[in-house]
């Protein structure tokens with residue numbers, strides 16, 4: 001999966017990075033390399049399914065979609 005990220009240099013120091021297509025998926029780092037490593041981890045956590053994501057309706061189907 002390819003996602004575009006926005007990497008911005010902070011005024012004070014370090015970098016902020018976010019994923020426009022994943023609202024709220026934001027991270028930061030002291031260097032560009034660290035910020036990009038951190039956003040990869042944030043993306044993994046953002047996309048990780050959790051038990052709360054499973055619908056409670058007994059007739060619902062749970063399916064996987066690969067993009």
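The values are calculated or read from the model by the stated rules, or taken from the named source; none is laboratory data. Quantities reported herein were computed from a predicted structural model and do not represent experimental measurements. Cβ coordinates were reconstructed from backbone atoms using ideal geometry, including for glycine residues, and neighbour counts include every protein chain displayed.
Quick check on residue 36: is it touching a residue at least 24 places away in the same chain (Cβ under 8 Å), out of contact with any strand residue (DSSP E or B) (no Cβ under 7 Å at 6 or more places or on another chain) and surrounded by 11 or more Cβ atoms within 10 Å (Cβ to Cβ)?
Working: touching a residue at least 24 places away in the same chain (Cβ under 8 Å): yes; out of contact with any strand residue (DSSP E or B) (no Cβ under 7 Å at 6 or more places or on another chain): no; surrounded by 11 or more Cβ atoms within 10 Å (Cβ to Cβ): yes.
No, not satisfied.
State all residues of segment 29-52 that are modelled with pLDDT under 95 and outside any helix (DSSP H, G or I); if no residue qualifies, say none.
Of everything in segment 29-52, those that are modelled with pLDDT under 95 and outside any helix (DSSP H, G or I) turn out to be 48, 49, 50.
Would you check if residue 57 is assigned to a loop (DSSP other than H, G, I, E, B) and either out of contact with any helix residue (DSSP H, G or I) (no Cβ under 9 Å at 6 or more places or on another chain) or in contact (Cβ under 8 Å) with a residue 60 or more places away in the chain (or both)?
Numbers: assigned to a loop (DSSP other than H, G, I, E, B): yes; either out of contact with any helix residue (DSSP H, G or I) (no Cβ under 9 Å at 6 or more places or on another chain) or in contact (Cβ under 8 Å) with a residue 60 or more places away in the chain (or both): yes.
It is true that residue 57 is assigned to a loop (DSSP other than H, G, I, E, B) and either out of contact with any helix residue (DSSP H, G or I) (no Cβ under 9 Å at 6 or more places or on another chain) or in contact (Cβ under 8 Å) with a residue 60 or more places away in the chain (or both).
Would you pick out the residues in segment 1-23 that are in contact (Cβ under 8 Å) with a residue 12 or more places away in the chain, exposed (fewer than 15 other Cβ atoms within 10 Å of the Cβ) and under 27 Å from residue 65 (Cβ atoms)?
Within segment 1-23, 1, 3, 4, 6, 20, 21 qualify.
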